[in-house]
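Worksheet: the structure to be examined is printed underneath.
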RNA sequence: GCCCCGGUAGCUCAGCUGGAUAGAGCAGCGGACUUCUAAUCCGCAGGUCGGAGGUUCGAAUCCUCCCCGGGGCGCCA
């Protein structure tokens, strides 16, 4: 049908010509005039033996996904935690989707480098360092400090400095009403003092003052210890090796700004230094009036390191959609500077943006008091709900296995819910929905795998073993549907990877599980009396399980044996 | 004001670079457990694809305008 436009003929006429000349007798049923349908489709039915041959070709250790001869290097930016802050829902998607995107590229055979851009530098961190040192001076043992404590300190520090702005806003609003003024004066003074101490501390940190750096390192270790543990619990591959703090770029920033300045790429604007990007009204700010550097400056350093040092052929940022403008500016500026080029090749810089996590009220997910929800709490809730279900449905299992299953089910529920809708869209976080065993959920898919596994357990009891080379007999419609669905796997993974869209793999594994259900319902595996059919069906079961497990693992969702 | 992203069944969502009668799940209704699966399966019902134009043999899909919702917009990150 796309030919119709190019050739200038009617689709059905072209279809008729194709049918007339098409010879696919070796793999398909005869194609005739009657095979033409609708506006010009030519229906081709694969012969069972040809279909079996295609499935045979899929049945390799890599399940039909060939590795490229000369694999590109892809950098995936994900996770992005901040010092002295717990991981919260804001990090969930970046971590889960980012890891899935990285896994997709790995599955396709690319060389993948994960990079978690850790917010570990700047005035906010200096404020926490300052507070921590004050606490230490008051006699508190730093060894006992947890991330929870740091989080409280961070908030307190933020609040103190915020007082300054709040007070200022009040004065503006009430026009310096005498009543307000007296009270506010004290707050402003307090805030100013705190901000001043933080600024002094920042200078100490930047110049390598030993006690200051020691406190900073303590904060770094506590934060990363807790956050990397959460990543591990999420079955997301984000480790210390993948973490690159903003601090690691600090010596490069003056150099980058100077480079852009001397090459005439950056220009002065209202005392600040900016890079203009074609097609965007807003400029990209790289240096403040006071000489300080900005978010974009660090990202430029990040791009340069990733492309020129790591030799990335492609850089993907799995970051919140709200950062869209920022990345367009940073990418544009990096491109003007040539930071996205290595060995005469320009690496595409891409923002794989994702939407927000909403509560059931349709507003951004928060606690009742308006606080960010800690990711650990979210995971714990999902796992404990899963544990209750496992205890109810399968009380016979040993307690430790039940706990392992609950962990897998709870994590799978959250991850699948996050991965299965289009990345760019917001989604509503609902425990009941994501933990359901009916429908398009993580637990359902784990159960699909378990059901297949149980067939093999049963088969073993009967002394029936899998013959991995048994000839495939694909005569039943459900067998054909299952086989055809299996064959789509390599293309789905490829398409999902190229578009950074893990949800396509989710849709696929769900389709495959559905196709298997139909097969399982109507095609008895162990109950038949035909040995050849049983061997063929066992092989289909095995292949289906391998594809399901591979697909889920590519999404970063581990499976279980029983549940 | 300018820019970006969404709007598909009561609810939550798919729909690949335009292609057949727009598909799932949940909820609703009706069936199926001395089982290889009930943490499941099968069936029924349910839609002006936000609206209006346009391009095309053909539009949920591409273009333009409008409506609704969300987000962003130079010295925070």
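The values are calculated or read from the model by the stated rules, or taken from the named source; none is laboratory data. What you see is a predicted model, and the numbers here were worked out from it, not measured in a lab. Every residue, glycine among them, receives a Cβ derived from its backbone with ideal geometry; neighbour counts consider all protein chains shown.
Search the range A:431-446 for residues being outside any loop (DSSP other than H, G, I, E, B) and crowded, with 17+ Cβ neighbours inside 10 Å, and hand back the single one that is nearest to the chain's Cα centre (by Cα).
A:442
Check the range A:416-423 and report whether any residue there is within 19 Å of the chain's Cα centre (by Cα), surrounded by 18 or more Cβ atoms within 10 Å (Cβ to Cβ) and over 21 Å from residue A:548 (Cβ atoms).
Scanning the range A:416-423, I find at least one residue that is within 19 Å of the chain's Cα centre (by Cα), surrounded by 18 or more Cβ atoms within 10 Å (Cβ to Cβ) and over 21 Å from residue A:548 (Cβ atoms), so the answer is yes.
From A:86, A:115, grab the single residue that is in contact with a strand residue (DSSP E or B) (Cβ under 7 Å, 6 or more places away or on another chain), at pLDDT below 95 and either closer than 25 Å to residue A:206 by Cα or part of a helix (DSSP H, G or I) (or both).
Checking each option against the conditions leaves just A:86.
Taking the range A:337-352 as the search range and keeping residues that are touching a residue at least 60 places away in the same chain (Cβ under 8 Å) and buried (at least 18 other Cβ atoms within 10 Å of the Cβ), which one is nearest to the chain's Cα centre (by Cα)?
Looking at the filtered set, the residue picked out is A:352.
Does the range A:396-430 hold any residues that are closer than 21 Å to residue A:502 by Cα, touching a residue at least 40 places away in the same chain (Cβ under 8 Å) and not in a loop (DSSP other than H, G, I, E, B), and which are they?
Scanning the range A:396-430 gives A:408, A:409, A:411, A:412, A:414, A:415, A:416, A:418, A:419, A:427, A:428.
Restricting to the range A:99-125, what's the tally of residues that are more than 24 Å from residue A:307 (Cβ to Cβ) and buried (at least 24 other Cβ atoms within 10 Å of the Cβ)?
Residues in the range A:99-125 being more than 24 Å from residue A:307 (Cβ to Cβ) and buried (at least 24 other Cβ atoms within 10 Å of the Cβ): 1 in total.
Condition test on residue A:17, is it within 11 Å of RNA strand B (Cβ to nearest atom) and over 27 Å from residue A:232 (Cβ atoms)?
no
Kindly list the number of the only condition in (1) part of a strand (DSSP E or B); (2) within 30 Å of residue A:422 (Cβ to Cβ) that fails for residue A:325.
So the condition that residue A:325 fails would be (1).
Going through A:380, A:438, A:430, A:371 one at a time, which residue ends up being out of contact with any strand residue (DSSP E or B) (no Cβ under 7 Å at 6 or more places or on another chain) and either in the same structural domain as residue A:86 (by TED's automatic domain parsing) or modelled with pLDDT of 95 or more (or both)?
Checking each option against the conditions leaves just A:380.
Just the residues that are free of Cβ contacts under 8 Å to residues at least 12 places away in the same chain and either closer than 16 Å to residue A:65 by Cβ or touching a strand residue (DSSP E or B) at 6+ places or on another chain (Cβ under 6 Å) (or both), please, taken from the range A:473-498.
Those that are free of Cβ contacts under 8 Å to residues at least 12 places away in the same chain and either closer than 16 Å to residue A:65 by Cβ or touching a strand residue (DSSP E or B) at 6+ places or on another chain (Cβ under 6 Å) (or both): A:491, A:495, A:498.
Could you tell me which residue of the range A:138-160 is nearest to RNA strand B (Cβ to nearest atom), considering only residues that are over 29 Å from the mean Cα position of the chain (by Cα) and touching a residue at least 60 places away in the same chain (Cβ under 8 Å)?
Filtering first and then ranking leaves A:153.
Tell me the strands (runs of 3 or more DSSP E) entirely within the range A:225-318 that contain at least 3 residues that are within 11 Å of RNA strand B (Cβ to nearest atom).
Result: A:266-269, A:272-275, A:284-287.
Scan the range A:45-59 and give yes if some residue there is touching a strand residue (DSSP E or B) at 6+ places or on another chain (Cβ under 7 Å) and within 13 Å of RNA strand B (Cβ to nearest atom), otherwise no.
Yes; the residues of the range A:45-59 include at least one that is touching a strand residue (DSSP E or B) at 6+ places or on another chain (Cβ under 7 Å) and within 13 Å of RNA strand B (Cβ to nearest atom).
Give A:135, A:65, A:36 a once-over and let me know the one that is outside the structural domain of residue A:297 (by TED's automatic domain parsing) and either within 16 Å of RNA strand B (Cβ to nearest atom) or under 30 Å from residue A:16 (Cβ atoms) (or both).
A:36
Please verify whether residue A:334 is modelled with pLDDT of 95 or more, more than 14 Å from RNA strand B (Cβ to nearest atom), surrounded by 14 or more Cβ atoms within 10 Å (Cβ to Cβ) and not in a helix (DSSP H, G or I), treating the condition exactly as stated.
No, not satisfied.
Wholly within the range A:453-563, which helices (runs of 4 or more DSSP H) include no fewer than the required count, namely at least 3 residues that are under 27 Å from residue A:420 (Cβ atoms) and within 11 Å of RNA strand B (Cβ to nearest atom)?
Hits in the range A:453-563: A:489-498, A:503-522.
So that you can scan it fast, the table gives a plain yes or no per residue for (1) within 30 Å of residue A:404 (Cβ to Cβ); (2) in contact with a helix residue (DSSP H, G or I) (Cβ under 8 Å, 6 or more places away or on another chain):
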position: A:490; (1), (2): no, yes
position: A:514; (1), (2): yes, no
position: A:521; (1), (2): yes, yes
position: A:525; (1), (2): yes, yes
position: A:533; (1), (2): no, no
position: A:540; (1), (2): yes, yes
position: A:562; (1), (2): yes, yes
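Results for (1) closer than 30 Å to residue A:223 by Cβ; (2) within 11 Å of RNA strand B (Cβ to nearest atom), shown as yes or no for each residue.
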| residue | (1), (2) |
| --- | --- |
| A:370 | yes, no |
| A:375 | yes, no |
| A:379 | yes, no |
| A:388 | no, yes |
| A:391 | no, yes |
| A:401 | no, yes |
| A:432 | no, yes |
| A:435 | yes, yes |
| A:439 | no, yes |
